[in-house]
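Taken together, the values in this text are just the output of simple stated rules run on the coordinates, not laboratory data. Quick caveat: nothing in here was measured; it's all calculated off a predicted structure. Cβ placement follows ideal geometry from the backbone for every residue including glycine, while neighbour counts extend to all protein chains displayed.
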């Protein structure tokens, strides 16, 4: 907890305000209590003066009972603990507490000590010297005592009683002690008040600071931290969405900028690397194929020359020569590709490509009485494609549709439109690895034509492979392994047996362990390991937001495809046309669309027709 | 006792060697063979062959070694480079290093025979010139050398950069002297791209001989000489000026002229 900036800041601010409030509270309590005590002192002094003045007359008349009466009645007043008059030798002569009368007070007692500390008793005292604060018992209330010397005066020694000599200076003292319990109570009260205020202020300041730190610092920093973690996991598409206009906002902005640049650079590096190795491969293959082709071409063209007078041979040999020259052109284009080391993708208008493809097979369509209906969106943006390859795709699809329609005639409907899709339900996982970089893509097991993710399950001594849907969000997983998966089952990479379970994390829906797959360059794909939960998450594509596609649909009114055949139609060498086709047409289409990071799906109603749906993303990433 | 052989073919593939022998026999050439660089070099050292057809990539060496060996000999041989690894660099580079022609594999009988025919004629002209020089008949001209400011790709095509930055492309006279008169000419169109070392036109001559012309420079064609379409013989008559073929905007001028030979070097 102390490792959080917010907490540290709050702590420091709280300590500082504690010190400031504490010091100011101390001084204010001090001055307040001083004020109160001096007020009490003044009051006590006034009282003492009043007592002395009011008893004076009775003193001179030596009316002891009356004096005692006055003292006693004064002593009954609230707060006044004790009023007594001591004579010169320390004997209590009058007291509000009658039981103390005639008792002797030691000269060292706290009421006498001020004057009698020295050998010769003092005669005059200042106000502060006359007052004292003491406690009768250690745990009783404080008491303020004030002594007022009663000085000898002419009326005293001339009185009838002749109790005092003329040469005496001090005749006795009046000692009034006043309880400070009220004062102490009010001091304590204000101390409590200040304490409460201090606590309230500290908590208040802390909360306010916590709120703003959370808003201005913690949350943005947390977002940044999360973003850096995403990037370190390889998700360079992650962008921080909400940005303030302060320094952290600027940091987030430049962070986004940086990851974007990094992502572009990596894409380029990846692309050029891929192209370079493809180029080397193509060049090697071309060289190897060209030598045997030379044999075929030279011998066949040689024979063609030698058999000029034999028209029967000529025809056949011409075919061989022509086809060999065609192969030569293919190899040459392979080499051209190797030389350029970049795909021939250019900005192109899909509609134009479709129209061109239609014009190529126009004749065949007319012969088969096939009409083409175009439902074209004329506002499609241009996208980067290899237009020759894309043309091949449409030619192949139209020819297939034509074949499916047969001799009876029918309609092919081509439609194009722009669509936006969320990654959830559309994004396909094409590369997934375990932590040791073993591929977890199973090319032998396909879900809706796409290679599935494979995971080995080891449970109670049995093991098997489960297959997960490679399309994010579709969740057409196959857990059919012939045994029930126990609670403590292990989910591992089939190659290295390393666990695929995400540690310290469970499915938020059902609490089962979560499987994590590293997707090359696109973060981590997480999915619940339970068959019954459909929880999955691929943060990196989620954070990239909506993706825009061009969707092309080719719909025919032909014979349709069997449900059994449907999953196989994109497999190489699978053909329903018997001898007529080589079964590569749709596989080639698949390859081309895949190369454009697009998808092709098929829907078919037997006897009614088939629809192929192609989606090509605007932005050719990966 | 040296028996005369017209052609030496060096290639590590038996089938290709055999095919070349058979094809050349059609035009009555005698052919000797070598199945690797080593025997090839030995044979070149011991005999004289007017024409040598060599593969570029062989297990024990490359065709450029053969080219070096031929150049260091006193007697002239014309070398045709043939390779299945027909990258532009190989083609252009072998022409730059002195090969008279380049033939990409796989080739047809006609392509090989056309090339050999051309190179054989080339060889004859070179020898004739030698004789003339020996006889000090310097004023008799067998072919017109290309103008000094021109650059040429081997002995086939030239290019000349005009003031505006555009480049003219045409045929060297010596090439025209090695072929029969053009019967038909196939050209690319305006706005098409040409690439250095890749065929950009073909001349169809007598006996179905089809001569493919390699572009000296890459670029985009901005103008095709319309007059030569109607009158291909203009190329033979005035190959360096009125007989130009294309006007192009070069794509990679500075890089590509490294492989071209300045015509000024012919006049030393």
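Sorting A:59-68, A:373-382 by their mean Cβ neighbour count within 10 Å, with the most densely packed peptide first, gives A:59-68, A:373-382. State the percent of C-alpha pairs, over all pairs in region A:225-288, separated by a distance greater than 13 angstrom. When all Cα pairs of region A:225-288 are counted, 69 percent exceed 13 Å.
What does the C-alpha gyration tensor say about the overall shape of region A:247-340? Classify as rounded when a/c is under 1.5, otherwise prolate if a/b is larger than b/c, or oblate. Write out the running numbers ahead of the final one.
Working: a/c = 9.77, a/b = 4.84, b/c = 2.02.
The shape class here is prolate.
The orientation-averaged shadow of the Cα convex hull for region A:436-535, equal to a quarter of the hull surface, comes to 6.4 nm². Remark: mean inter-chain Cβ contacts per residue of B:15-21 equal 4, using a 10 Å Cβ-Cβ cutoff to other protein chain atoms.
A Förster radius of 41 Å combined with the Cβ-Cβ distance from residue A:246 to residue A:618 puts the calculated FRET efficiency at roughly 0.75. For chain A, the longest principal axis of the Cα atoms and the long axis of helix A:181-213 meet at an angle of about 10 degrees.
By the count of other C-beta atoms within 10 Å, a proxy for reagent exposure, A:612, A:211 are ordered fewest to most as A:211, A:612.
Once you sort the root eigenvalues of the Cα gyration tensor of region B:7-134 as a ≥ b ≥ c, which label holds: rounded (a/c under 1.5), prolate (a/b larger than b/c) or oblate (the other case)? Kindly include the intermediate steps, with their values, before the conclusion.
Numbers: a/c = 1.37, a/b = 1.22, b/c = 1.12.
Note, shape of region B:7-134 comes out rounded.
Using Cα atoms only, what is the angle between the long axis of helix B:14-26 and the major principal axis of chain B, expressed in degrees (0 to 90) to the nearest 10? Once rounded, one gets 70 degrees.
Arranged from fewest to most other beta-carbon atoms within 10 Å of their beta carbon, A:438, A:287, B:4 become B:4, A:438, A:287.
Report the Rg/Rh value for region B:151-263, based on alpha-carbon coordinates and the Kirkwood definition of Rh. Before the final figure, lay out the partial values.
Values: Rg = 12.9 Å, Rh = 13.8 Å.
Radius of gyration over Kirkwood radius for region B:151-263 works out to 0.94.
Rounded, prolate or oblate: pick one for region B:60-188, where a ≥ b ≥ c are the square roots of the eigenvalues of its C-alpha gyration tensor, a/c under 1.5 means rounded, and failing that, prolate if a/b is larger than b/c, else oblate. Rounded is the answer for region B:60-188, as its axis ratio a/c remains below 1.5.
Which of A:20, B:7 comes first, and how do the rest follow, when ranked by fewest Cβ neighbours within 10 Å? Let's see the in-between values first.
Numbers: A:20 13, B:7 23.
Least crowded to most crowded, the residues run A:20, B:7.
Taken residue by residue and averaged, Cβ atoms of other chains lying within 10 Å of the Cβ of B:106-117 number 5.
Relative to the dominant Cα principal axis of chain A, helix A:387-405 is inclined by about 70°. For region A:325-444, what are the per-bin percents of Cα-Cα distances with bins 5 Å wide, up to the bin holding the maximum? Each 5 Å bin holds this share of Cα pairs: 2, 8, 13, 13, 14, 15, 15, 12, 5, 2, 1, 0.
Over all directions, the projected convex hull of the C-alpha atoms in the protein assembly as shown averages 75.6 nm² in area. Overall dimensions of chain B, expressed as equivalent-ellipsoid semi-axes from the Cα gyration tensor (√(5λ), whole Å, largest first), are 30, 21, 18.
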